[in-house]
Amino acid sequence: MKTMSYGLLKGKKGIIFGALDEKSIAWKAAERCHEEGAEFILSNAPVALRMGELNKLAEKTGSEVVGADATSMEDLTALFDRAQEKYGKIDFILHSIGMSVNVRKGIHYTEMDYNFLNKGWDISAVSFHKVMKAAWDKDIMNEWGSILALSYIAAQRSFPDYNDMADNKAYLESITRSFGYFWGKDKNVRVNTISQSPTPTTAGQGVKGFSGFLKFADEMSPLGNATADDCANYIVSMFSDLTKKVTMQNLFNDGGYSTTGVSEKVAERFT
């Protein structure tokens, strides 16, 4: 079923980081932003570009693909140079980037490889600061623009198998508040994170016990899990002019999971 378009992003320009394949939240967000009238550059790490999937999304949305390692200020500067050349100024940035080598290699949290930790931390959290620093230095954001990153409730609660990604998300949310203050005060730009339900993306399914996360969250949530499409719609609203005064927030898009102590469905299992 085709989503209705409201023209919420008509005339807006931006950059979307992290679309990998059709399961990606960033991929769904790009489709919805396009439907709502936005133009944007799609960016991902060179290793992801070699998969070739992003070219299909670029063709569908009429977008340019510019490769960039989000941990490299040199790459980010070149990307924002291109955005400035193409658009002048932009209105939104989506950071949908995250990776833990410890998770990928199945290394338990108590046996942490710190070299892997540093790499994952740089990719998953520090890259958000670097993206914003590159944008800040270029003064590329239009007034009342919107910068978003994707988070998860493991930043606030313990999810043992989420491993060091939980620490990465906590740091990501702290960057949002810290840098968000200066973006608001000096530039009238808002910075937020969306804490999404567990979502069966390619990256998400790499977490041990993910199917259990997914089922439990769905049974705990009064509205059920938010899908990648639901998140894309929320992203559109956060890029639109309807949310101009929302900043430095971690916004839960999780069907009510984050504020539910226990659901009847889950409690019945122990009755």
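We did not get these values from a lab; they are worked out from the coordinates using the rules stated. In this text the structure is predicted, and so the values were computed from the model without any measurement. Every residue, glycine as well, gets a Cβ built from its backbone with ideal geometry; the counts of neighbours run over all protein chains shown.
For the chain, the longest principal axis of the C-alpha atoms and the axis of helix 228-239 are separated by about 40°.
Relative contact order, percent, of the range 1-145 when contacts are C-alpha pairs under 8 Å separated by at least 6 residues? Intermediate values should be presented prior to the final figure.
Numbers: 219 pairs, mean separation 35.1, N = 145.
Normalised by residue count, the contact order of the range 1-145 is 24 percent.
Using only Cα coordinates, the Kirkwood hydrodynamic radius of the range 13-270 works out to 18.5 Å. Restriction of the chymotrypsin sites (Phe, Trp or Tyr not before Pro) in the range 1-68 to DSSP coil positions whose beta-carbon has at most 15 other beta-carbons within 10 angstrom yields Tyr6.
Of the peptides 177-188, 90-101, 238-249, the order by per-residue mean of other Cβ atoms within 10 Å, starting with the highest, comes out as 90-101, 238-249, 177-188. Residues considered: Glu85, Glu39, Glu173. Largest GNM mean-square fluctuation over the chain, using C-alpha springs under 10 Å, is found at Glu85.
Using bins of 10 Å that start at zero, the share of Cα-Cα pairs per bin across the range 77-162 amounts to 15, 39, 25, 17, 4, in whole %. Distance between the C-alpha centres of the range 168-192 and the range 48-83: 23 Å, rounded to the whole angstrom.
Relative contact order for the range 123-173 using alpha-carbon pairs under 8 Å, separation at least 6, rounded to a whole percent? Mind dumping the intermediate values first?
Numbers: 30 pairs, mean separation 24.3, N = 51.
About 48 percent, as a whole number.
A simple spin-label model places pseudo-atoms 7 Å from Cα toward Cβ; at Glu22 and Phe270 they are separated by 4.1 nm. The simple spin-label model puts a point 7 Å past each Cα toward its Cβ; for Met4 and Tyr109 those points are separated by 4.3 nm. Here Ile140, Ile107 are placed in order of increasing Cβ neighbour count within 10 Å, fewest first, which gives Ile107, Ile140. Our coupling estimate for the range 242-252, obtained by passing each phi through the Karplus curve with A = 6.51, B = -1.76, C = 1.60 and θ = phi - 60°, is 6, 10, 5, 10, 9, 8, 6, 10, 9, 9, 7 Hz, Gly and Pro reported as x. Look at the alpha carbon pairs under 8 Å that are at least 6 residues apart: their mean separation over the length of the chain gives a relative contact order of 19 percent. The label point for Leu242 and the one for Gln156, both projected 7 Å from the Cα toward the Cβ, are 2.3 nm apart. Computed from point charges on the beta carbon alone (+1 for Lys and Arg, -1 for Asp and Glu), the dipole magnitude for the range 112-271 about its Cα centre is near 340 Debye.
Only helical DSSP H runs with n ≥ 4 go in: add -39500 (n - 2.57) per run for the chain, normalise by residue count and round the 222 nm mean residue ellipticity to 500 deg cm²/dmol.
Details: 11 runs with 107 residues, N = 271.
Rounded to the nearest 500, the figure is -11500 deg cm²/dmol.
Shape descriptor for the range 23-133: Rg over Rh equals 1.01 (Cα atoms; Rh from the Kirkwood inverse mean 1/r).
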